[in-house]
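Here's the structure, in structure tokens; my notes come after.
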Amino acid sequence: MAAFLLILRYVNFEKNYDKFHENSKRIYRLRYERTDSKGDAVRFASCCPPAAARIRGKYPEVEKIGRMLHFSASVSFNNIKFREERMYFAEPEVFEVLKFKFSKGDPLKGLNEPNKTFISQSTAKKYFGDLNPIGKTISVDKKNDYQIVGIFEDIKQNSHLKFDILLPWKNLESMYGPEYYEAWGHTGSFTYLLAKPGINPRVFEKKLQPLIESECPWLKEYKMTIDLKMQPLTDIHLTSHFMQEYEANGDRDSVNLLFVVAVFIILMAWVNYVNLSTSRSLSRAKEVGLRKVVGASRSQIVVQFFFETVIINLISILIALGLVKISLPLFSQLSGIPHEYGIWTQSWFWFAFTIMFLVGVFLSGLYPVVAMSSFKHVTVLRGKLGKSTKGINLRKTLVVFQFAVALILLTATLTVFQQISFMRNQDLGFDKEQTLVLRAPRVRDKTYPSKFDSFRETLLQRADIEKICHVTEVPGKQIYWDAGGIMKAGEDINQGKNYQIIGIDYDFADLFDLKFVAGRNFSKEFPSDKDGLILNETSIQWMGFENAASAVGKQVNYWGKIYTTVGVLKDYHQQSLKEAFEPHIFRFLPYGRDVRGMIAIKMNIKDVKDAVDAAKQKYDKFFPGNPFDYFFLDDYYNQQYKSDLQFGRVFSLFSTLIIFITVLGIFGLSSFSVTQRTKEIGIRKVLGANVSKILLILSKDFLILIVVAYGISLLPTIFGVNKWLESFANRMSLSGWLFVVPFAVVFIITILTIGSHVIKAALANPVESLRYE
């Protein structure tokens, strides 16, 4: 019961993402999709910037609509400075759609003025301590100052959209220019709308098509289509895996699977109760017979035994509540659910608690009560009930069910961990070890190139630092910079496709140990490389080159500018092996893209503290005013598997619990079976049977049930694990041992469980066994 309630907490947390918003069922995220002439589509979680402005006030289906744009920067107050990754430019209207809680200030007014900002409670504490931050000014990248006019409560963990600092949408124009607002080809604008009650999202999407066609006449020339999709807010966390998702979302199938495990756990417990109760009914048969002889009616006997069931369930559920309270901190750590997400005040918890108790009493008590109350007193008192087979078929069916569930979940657990191990041990195509990554300084001036060169040369003088490179995005995260309309030079513009762009320098390929399958790296010996490109193998296929070698030296049309391909890199896993290879284009941008970028440092020591301290010292010297923000690439890359590992741990824990429950049931049934056959064991021993022979005879029935359960479970297991593995672009092959090992484990556990009783009875004095009963 405790396990059932804990899993429900996990499932409820995952399935209630974003439901805390008022009118959450009517809130949608407007997504952007672009499809080329060949039908290849690029699907974004964000939208194009002008869509919200064109829709606002023109469609009666939409009550409110607003936009947000993710932004990261260096933020400072006096000498306190941090790199902030959870910042958004936001329109005031978005907070008429999404109802976050503001403790001070009104976002509808404050965000309507430029150079104003709202910060979270934890951010206020970080920069100002116990001081009142209202009216204070923070600096963003030492370029723009924003006055704090409000504070909002820290965003709940079960929100797909998390932020710490809000900046006015109006400030975007000064950063990107007015043309940004009119760019239907751009993305990155997260757009949320509140729909009128009762609208059909699919019908509304079709109504937007004329708007798109009138605003984008160039679509016909490119033979391209743009679609705006309505995505329900409450579906985002578990079902949305598009380009430009701000953070990795959950997985609906995994959550549903854990819910099934929860149901199996409680069912197995009820199965045990029914099995043991019906088995034990034989030992209580005389009690029932005598009660009937002295005048008890069947209804009185039913009430008695049903009341016993109620008492047992009540005691169990009270103990379960204690176990839940004790194990909550550990389970929160295991599952990743914040400990603050309580259950005692949740209505769903007490509803599930009540239903579990009532259903448990009914299901676990119904058959045993009916079976025991139906005993005929004459048959019982004559002693013939002990030879009855009544209830045996039911018990066998329930035991087969238990074995089948145990086999399925054992195989599933092995598959989950084997797949995760498979992914983590595959060749990623690059070297992530001993790599320190720094966030490139955002507070910089025109002298930054020379300062960076000096910074690099100074660090390379150290024996523990081998290489340094500048790159817009290191491996471990989806590339946020994408560009469409790229094609081979001379081709019709409708052949253009969407590619992910990475800005690199001369040392990028060497530092990450990337392999060239054709051509060469960018080189200082070729000044023309500033107009050169490096492609990966996937982008070669997308562009239609026959092979890698044929692409070298060819020209590429990148938004009207002609570049020359100088080399082709072997595909490497920019993201986890769950994802397929993406088409990458590498541009020569040795100092990042504007102020965006990262600095990778390859070290050759095990104790990296000295190297990190040295990097910090030089970083602070060459780039004053910037926070020193760093991470290690292997940790950064492995973060992609965090949710899979958490799921694997939770799943394996409760699968093990189900097996333990099964063992408890087998232990009770085998104990009862041996007790019933004590005299038989004594006779067999007197006649010369040894312990192993007796063990084989008494365990044969259970072993037959295991074989039957294995046959029943095999096909559903194969189908289930294959279905789960389909979500991985790189998946392991199913091996026979995945199905043999669970069978062997269940077989051995059953033999040991039954054997402990049989051996004890077999080693007893045969005289005592013959006197039994």
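Projecting the Cα positions of 516, 550, 503 onto the charge dipole of the stretch 446-567 (unit charges on Cβ atoms of Lys, Arg, Asp and Glu, taken about the Cα centre) puts 503 furthest along the positive direction. Between 586, 11, 564, the Cα set farthest toward the positive side of the dipole of the chain (charges on each charged residue's Cβ, about the Cα centre) is that of 11. Checking the Cα-Cα distances for 15/126; 156/497; 446/467; 125/156 against a 29 Å cut-off, the pairs over it are 15/126; 156/497. At q = 0.10, 0.13, 0.19 Å⁻¹ the log10 of I(q)/I(0) for the stretch 146-277 amounts to -0.60, -0.88, -1.34, computed by Debye summation with a single uniform scatterer per C-alpha, solvent ignored.
Quick one: which of 520-526, 226-232 comes out on top by average Cβ neighbours within 10 Å, and what's the full order, highest first?
On the way: 520-526: 13.6, 226-232: 18.0.
Result, highest mean Cβ count within 10 Å first: 226-232, 520-526.
Cα gyration tensor of the stretch 490-593, axes a ≥ b ≥ c as square roots of the eigenvalues: rounded (a/c below 1.5), prolate (a/b > b/c) or oblate? Intermediate values should be presented prior to the final figure.
Details: a/c = 1.43, a/b = 1.06, b/c = 1.36.
Cα axes put the stretch 490-593 in the rounded bin.
Would the stretch 414-570 count as rounded, prolate or oblate if I go by the C-alpha gyration tensor, calling it rounded below 1.5 in a/c and otherwise prolate when a/b exceeds b/c, oblate otherwise? Oblate is the answer for the stretch 414-570, as a/c is 1.5 or above yet b/c matches or exceeds a/b.
Using a ≥ b ≥ c from the Cα gyration tensor of the stretch 566-657 (square roots of the eigenvalues), is it rounded, prolate or oblate, where a/c under 1.5 gives rounded and otherwise the larger of a/b and b/c decides, a/b for prolate? Before the final figure, lay out the partial values.
Details: a/c = 2.53, a/b = 1.39, b/c = 1.82.
Oblate is the answer for the stretch 566-657, as a/c is 1.5 or above yet b/c matches or exceeds a/b.
Across the accessible surface of the stretch 46-165, with the other protein chains kept in place and a 1.4 Å probe, carbon and sulfur atoms take up 45 percent.
Charges at C-beta only: +1 for Lys and Arg, -1 for Asp and Glu. How large is the resulting dipole of the stretch 630-699 about its Cα centre, in Debye rounded to 20?
On the way: 7 positive and 4 negative charges, 148 e Å.
My answer is approximately 720 debye.
Rolling a 1.4 Å probe over the protein heavy atoms of the stretch 173-283, with every protein chain left in place, gives an accessible area that is 58 percent carbon and sulfur. Placing unit charges on the Cβ atoms of the charged side chains and taking the dipole of the chain about its Cα centre, the candidate lying farthest along the positive direction among 332, 465, 426 is 332.
When both bridge partners sit in the stretch 76-157, DSSP labels roughly 65% of those beta bridges antiparallel. Dimensions of the stretch 516-566 from C-alpha coordinates, computed as largest minus smallest value along each principal axis and given longest first, are 28, 27, 13 Å.
For residue 542, the solvent-accessible surface computed with a 1.4 Å probe is close to 100 Å², ligands and nucleic acids excluded.
For the full complex of protein chains and a 1.4 angstrom probe, list 677, 291 by accessible area with the highest value first.
Numbers: 677 65, 291 95 Å².
Heavy-atom accessible area, descending, gives 291, 677.
Beyond 25 Å in Cα-Cα separation lie the following of the pairs 220/488; 19/101; 196/220: 196/220. The length gained on full extension between residue 701 and residue 85, counted as 0.36 nm times the residue separation minus their Cα-Cα distance, comes to 215.5 nm.
Here the mean projected area of the convex hull built on the C-alpha positions of the chain is 42.9 nm². Between residue 642 and residue 221, the modelled label-to-label distance comes to 4.5 nm, taking each label 7 Å out from Cα in the direction of the beta carbon.
So with the 1.4 Å probe, I'd like the accessible area per residue for the chain, rounded to whole Å². Each step should come with its number before you reach the end.
Details: 35190 Å² over 773 residues.
Using a 1.4 Å probe on heavy atoms only, each residue of the chain averages 46 Å².
Computed with the Debye formula from one identical point scatterer per Cα of the stretch 128-202, without solvent, the log10 of I(q)/I(0) at q = 0.19, 0.22 Å⁻¹ comes to -1.12, -1.22. Computed in the context of the full set of protein chains, the accessible area of the stretch 547-706 at 1.4 Å probe radius has 57% of its extent on carbon or sulfur. The shape of the stretch 1-69 can be summarised by an equivalent ellipsoid whose semi-axes, obtained from the alpha carbon gyration tensor, come to 34, 20, 9 Å from longest to shortest. How far is the Cα center of the stretch 190-268 from the Cα center of the stretch 89-135, in Å? Each part reduced to its Cα centre gives a spacing of 28 Å. Given a 1.4 Å probe and the protein chains as shown, residue 316 ends up with an accessible area of around 50 Å².
About the Cα centre of the chain, how large is the charge dipole given +1 on each Lys and Arg Cβ and -1 on each Asp and Glu Cβ? Please answer in debye to the nearest 20. Intermediate values should be presented prior to the final figure.
Values: 95 positive and 75 negative charges, 768 e Å.
With Lys and Arg at +1 and Asp and Glu at -1, about 3680 debye.
Helices of the chain meeting both criteria, an alpha-carbon length of 24 angstrom or more along the long axis and an average Kyte-Doolittle score not below 0.0, with helices taken as full DSSP H segments, are 252-280, 298-335, 347-373, 392-425, 642-676, 691-725, 737-762. For a straight C-alpha distance cut-off of 19 angstrom, the lysines reachable from residue 693 (same-chain residues fewer than eight places away being disregarded) are 679, 685, 760.
The values are calculated or read from the model by the stated rules, or taken from the named source; none is laboratory data. Keep in mind that what you see is a predicted model, and the values were worked out from it rather than measured. In this analysis, Cβ positions are derived from the backbone assuming ideal geometry, glycine residues included, and neighbour counts consider all displayed protein chains. The protein model used for the area step is the full one, side chains on, heavy atoms only, and it has no ligands, DNA or RNA in it. Shrake-Rupley method; radii C 1.70, N 1.55, O 1.52, S 1.80 Å.
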